[in-house]
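Participant: Just passing along the structure, written as structure tokens.
The values are calculated or read from the model by the stated rules, or taken from the named source; none is laboratory data. Predicted, not measured: the structure shown is a model, and the values here were computed from it. Don't worry about glycine lacking a Cβ; one is built from the backbone with ideal geometry, like all the others, and counts go over all protein chains shown. Side chains included, ligands, DNA and RNA excluded: accessible areas come from the protein's heavy atoms. Shrake-Rupley method; radii C 1.70, N 1.55, O 1.52, S 1.80 Å.
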Amino acid sequence: MMNRQWVLPRIAKRVAVLLTAVMLLTLTNGFNWNAPTAAAAGTTPVERYGQLSVKNGKLVDKNGQPVQLKGISSHGVQWFGDLVNQDTMKWLRDDWGISVFRVALYTEENGYIANPSLKNKVKEAIEAAQKLGLYVIIDWHILSDGDPNIHKNEAKAFFNEFSTKYGHLPNVIYELANEPNGNVNWNNQIRPYASEVTQVIRAKDPDNIIIVGTGTWSQDVQDAADHPLPDKNTMYTVHFYAGTHGQSLRDRIDYALNKGVGIFATEWGTSDASGNGGPFLNESKVWTDFMASRKISWANWSLSDKNETSAALLPGADRKGGWPDSQLTASGKFVKQAILEGSSNHGGGSNGGNSGGDGNNGGNNNGSNNNGGNNGGDHSGSTPGGNNEGIVLQYRTDDTNAKDNAIRPQFNIKNTGKTAVKLSDLKIRYYYTDESKQAQQFFVDWAKIGNEKVKATFVTLPNPKSKADKYVEISFTDGAGTIQPGGETGEIQSRIHAANWSNFDETNDYSYGATQTAFADWDHGTVYQQGKLVWGIEP
């Protein structure tokens, strides 16, 4: 027998679709009746697609047909909440052709936990989306609180309130944990959290889409695919930044899709994962084409006029929409065009675009392939100590901006010797000058051997050199295994920030190769095996 609690929301939801259509006919404020708009034509996304569900790993409409939603995410509403309003969302619907809007409610970073009144901005966005016939993602935006269980009780109370108030609407999507990160993984922390919060939502809303973040800043979709949640209308988040993440992450997504789970890219940027660098427009196009071919829905980061690559708007852009292309960043122009391509939402005119970028927490890089090639010569014979162990360090950077707030070296260790080498016996040193004189932060954005198997410590040189007063020493856990003869570690993408996120000047860094954008042997980084120098030249 069907639970009566579940029947009523379904009936209410059908009524809500009809009400939405009626309301749209009465929304005459701000309309230019001389130009056809999406609303005037009666073709809003919610009218077209209705109640969404997941079928065979695809997001499908009320008729069971696969759909791809495309749109944009707000930045944190505690900082850029004035851009989240009905006027802006209407402009994005009519001029950009968006079908989904994501509202980012940070938990930490002076967000909801410190200021619960910020949820009123989320309510404003939901109610605007209802009137405009847009889908809306309620984003519980964990970030520095990398384990979603830290604020699990607050999350359950929040989603109980919002599913009670809005669960009858057909256009609401719940995102339970933006970017789990740090020492958390799918099976031990994320899945149990999501299971509890899902039960809270399903008690009030039986069928709207739920999206769950995955490990390593929502990149470990393969783990969710191996052990998905039982809820049939749950999808899993992947986040990427075109300058940092490439083919290896696309391979993970295909793995997950082939296992029959639904993937939704609730955040992506044209920059690298720090939010700056780039824009990487060619790589962004590879990504948008990839998502289109697989009908993966997405929301770009971000609707803000922050002075960073990934922001869509130039500083000082109007808070109510109406932006000419001259008020869009390169990223904003690119994203607008990417939304319009193949979109049936669009009612007004538009221009093409090029690019831009942003992000929250990542690394750098053009990410998609190891471009082959060799810039910077062959240094394989130049190591003191003779390198009898056969260890070779390769390095590259795609970070051609030497004066931003991140250092983003990427490494690959090769074993050209005749015996296997334990990774836990090896340490890499990367030498640089630290202009900030602050504590340093180290991140692994991606490592083929597993992010959690890569560790780092920072050391200040007792006798500073002209191009180095500090180094980061990268080491490996016992679980990292061995490199077999003729083998390699594969890509290790790392990132360094000062604690106050101030800028570095890498032009004065011993280990930095400004033109080294393809992996090649690199003797300005050193490798030690059980404390003995086996590769590279110390500064």
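Participant: Is it true that Leu83 is surrounded by 18 or more Cβ atoms within 10 Å (Cβ to Cβ) and either of a type in the set (Asp, Glu) or in contact with a Ser or Thr (Cβ under 8 Å, 6 or more places away or on another chain) (or both)?
Facilitator: Yes: the conditions hold for Leu83.
Participant: Output the number of the condition that Thr482 fails; it satisfies all remaining conditions of (1) farther than 21 Å from Gln441 by Cβ; (2) at pLDDT 95 or above.
Facilitator: It is condition (2) that Thr482 fails.
Participant: Which residues, counting only those in segment 88-110, are more than 21 Å from Trp140 (Cα to Cα), touching an Asp or Glu at 6+ places or on another chain (Cβ under 9 Å) and among the acidic types (Asp, Glu)?
Facilitator: none
Participant: Which residue out of Pro180, Pro170 is out of contact with any Leu (no Cβ under 7 Å at 6 or more places or on another chain) and in contact (Cβ under 8 Å) with a residue 40 or more places away in the chain?
Facilitator: After ruling out the rest, the residue left standing is Pro170.
Participant: Let me ask you something else. Assuming Asn187 fulfils every condition listed in (1) open to solvent by 50 Å² or more (accessible area, probe 1.4 Å); (2) in contact with a Pro (Cβ under 9 Å, 6 or more places away or on another chain); (3) within 20 Å of Pro230 (Cα to Cα) apart from one, which condition is it?
Facilitator: With respect to (1) open to solvent by 50 Å² or more (accessible area, probe 1.4 Å); (2) in contact with a Pro (Cβ under 9 Å, 6 or more places away or on another chain); (3) within 20 Å of Pro230 (Cα to Cα), Asn187 is out only on (2).
Participant: Here is a list of conditions, (1) crowded, with 19+ Cβ neighbours inside 10 Å; (2) assigned to a loop (DSSP other than H, G, I, E, B); (3) touching a His at 6+ places or on another chain (Cβ under 9 Å); (4) among the hydrophobic types (A, V, I, L, M, F, W, C), and Ile537 meets all of them except one; can you say which number that is?
Facilitator: (1)
Participant: Could you give every pair whose Cβ atoms fall below 6 Å, whose first residue belongs to segment 412-438 and is more than 30 Å from Ser466 (Cα to Cα) and open to solvent by 30 Å² or more (accessible area, probe 1.4 Å), and whose second residue is part of a loop (DSSP other than H, G, I, E, B) and polar (S, T, N, Q), counting only separations of at least 6 or pairs across chains?
Facilitator: Here the result reads Ala420/Gln484, each pair linking segment 412-438 to a residue that is part of a loop (DSSP other than H, G, I, E, B) and polar (S, T, N, Q).
Participant: Taking the conditions exactly as written (assigned to a helix (DSSP H, G or I), among the charged types (D, E, K, R) and farther than 30 Å from Gln189 by Cα), does Lys90 satisfy them or not?
Facilitator: Criteria met by Lys90.
Participant: Quick check on my filter: what residues within segment 439-453 are of a type in the set (A, V, I, L, M), out of contact with any helix residue (DSSP H, G or I) (no Cβ under 6 Å at 6 or more places or on another chain) and open to solvent by 10 Å² or more (accessible area, probe 1.4 Å)?
Facilitator: Ala439
Participant: Also, I was wondering about something else. Which of the residues that make up segment 395-426 are of a type in the set (A, V, I, L, M) and part of a helix (DSSP H, G or I)?
Facilitator: Correct list: Leu423 only.
Participant: Something else about it: With touching a Gly at 6+ places or on another chain (Cβ under 9 Å) and at pLDDT below 90 as the only criterion, which of Asn415, Asn405, Asn375, Asn371 stands out?
Facilitator: Of Asn415, Asn405, Asn375, Asn371, the one residue that is touching a Gly at 6+ places or on another chain (Cβ under 9 Å) and at pLDDT below 90 is Asn375.
Participant: Of the residues Trp298, Trp323, which single one is in contact with a helix residue (DSSP H, G or I) (Cβ under 6 Å, 6 or more places away or on another chain), open to solvent by less than 10 Å² (accessible area, probe 1.4 Å) and over 20 Å from Glu491 (Cβ atoms)?
Facilitator: Trp298
Participant: Could you tell me how many of the residues in segment 119-144 are open to solvent by 10 Å² or more (accessible area, probe 1.4 Å) and either in contact with a helix residue (DSSP H, G or I) (Cβ under 8 Å, 6 or more places away or on another chain) or closer than 24 Å to Asn300 by Cβ (or both)?
Facilitator: Selection size over segment 119-144: 9.
Participant: Take Lys455 and decide whether it is closer than 24 Å to Ser144 by Cα and in contact with a Ser or Thr (Cβ under 6 Å, 6 or more places away or on another chain).
Facilitator: Considered against the rule, which asks whether it is closer than 24 Å to Ser144 by Cα and in contact with a Ser or Thr (Cβ under 6 Å, 6 or more places away or on another chain), Lys455 comes out as yes.
Participant: I need a count of the residues in segment 456-496 that are in a strand (DSSP E or B), open to solvent by less than 20 Å² (accessible area, probe 1.4 Å) and of a type in the set (A, V, I, L, M, F, W, C).
Facilitator: Matching residues across segment 456-496 total 7.
Participant: Would you point out the residue of segment 145-176, among those that are of a type in the set (S, T, N, Q) and open to solvent by less than 10 Å² (accessible area, probe 1.4 Å), that is nearest to Met235 (Cα to Cα)?
Facilitator: Asn171
Participant: Looking at Gly316, Gly352, Gly342, Gly347, which one is at pLDDT below 95, small (Gly, Ala, Ser) and under 25 Å from Asp404 (Cβ atoms)?
Facilitator: On inspection, the qualifying residue turns out to be Gly316.
Participant: Let me ask something else. Identify all residues within segment 146-174 that are closer than 18 Å to Glu109 by Cα and of a type outside the set (S, T, N, Q); write none if there are none.
Facilitator: Result: Gly146, Asp147, Pro148, Ile150, His151, Lys152, Glu154, Ala155, Phe158.
Participant: Report yes if some residue within segment 513-527 is small (Gly, Ala, Ser), modelled with pLDDT under 90, surrounded by 17 or more Cβ atoms within 10 Å (Cβ to Cβ) and assigned to a loop (DSSP other than H, G, I, E, B); otherwise report no.
Facilitator: yes
Participant: Can you name the number of the only condition in (1) open to solvent by 40 Å² or more (accessible area, probe 1.4 Å); (2) farther than 28 Å from Asn401 by Cβ that Arg202 fails?
Facilitator: Unmet for Arg202, out of (1) open to solvent by 40 Å² or more (accessible area, probe 1.4 Å); (2) farther than 28 Å from Asn401 by Cβ: (1).
Participant: Further question: Here is a list of conditions, (1) more than 19 Å from Val60 (Cβ to Cβ); (2) at pLDDT 95 or above; (3) open to solvent by 10 Å² or more (accessible area, probe 1.4 Å), and Glu179 meets all of them except one; can you say which number that is?
Facilitator: (3)
Participant: Further, regarding this structure: Residues that are among the aliphatic types (A, V, I, L, M), at least 3 per element: which strands (runs of 3 or more DSSP E) completely within segment 225-333 meet that?
Facilitator: Result: empty, no element qualifies.
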